[in-house]
Amino acid sequence: LEDNIGDFAWVVVVAHEWGHHIQLLLGYDAGVLAWQVGQAPSAAMEQQADCLAGAYTDGAEFSGWLDPGDVDEALTVTGLSGDP
């Protein structure tokens, strides 16, 4: 990801997956159980995980951790992902 999109792309992927962990901790695990039996996660679960990754990105921006172009990298990797 870093070679093709940029250094922030993999961070967004990890933040999205961390979002799924937060969903589990909050009790929104119905979609997770469906994935374990081979069903696709719902669009709402994926969008919420994207939202949580966006919250991380906002916090990173507020902390001064982002470089110019990082948000574009985040949008690119999110658009290319296989999630619904």
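Restricting attention to the range 10-50, and to residues there that are of a type in the set (Asp, Glu) and modelled with pLDDT of 90 or more, which single residue is surrounded by the most Cβ atoms within 10 Å (Cβ to Cβ)?
Our first condition is that a residue be of a type in the set (Asp, Glu); within the range 10-50, this holds for 17, 29, 46, 50.
Within this subset, residues satisfying the condition of being modelled with pLDDT of 90 or more are 17, 50.
Details: 17: 12, 50: 18.
Looking at the filtered set, the residue picked out is 50.
When you go through (1) surrounded by 13 or more Cβ atoms within 10 Å (Cβ to Cβ); (2) at pLDDT 90 or above one by one for residue 78, which number turns out not to apply?
(2) is the only condition that residue 78 fails.
Can you tell me how many residues in the range 56-75 are open to solvent by less than 60 Å² (accessible area, probe 1.4 Å) and within 13 Å of the chain's Cα centre (by Cα)?
Residues that pass the stated criteria total 3.
Scan the range 1-15 for residues that are charged (D, E, K, R), over 13 Å from residue 72 (Cβ atoms) and in contact with a helix residue (DSSP H, G or I) (Cβ under 8 Å, 6 or more places away or on another chain) and jot them down. I'd like the intermediate steps shown before the answer.
Initially, the range 1-15 is screened for residues charged (D, E, K, R), giving 2-3, 7.
So of that shortlist, the ones also over 13 Å from residue 72 (Cβ atoms) come out as 2-3.
Result: 2, single match.
The values are calculated or read from the model by the stated rules, or taken from the named source; none is laboratory data. Since the model is a prediction, treat every value here as computed from it, not as a measurement. As a convention, Cβ positions derive from the backbone with ideal geometry for all residues, glycine included, and neighbour counts pool all protein chains shown. Quick note on the areas: whole protein, heavy atoms, side chains included, nothing else; ligands and nucleic acids left out. Shrake-Rupley method; radii C 1.70, N 1.55, O 1.52, S 1.80 Å.
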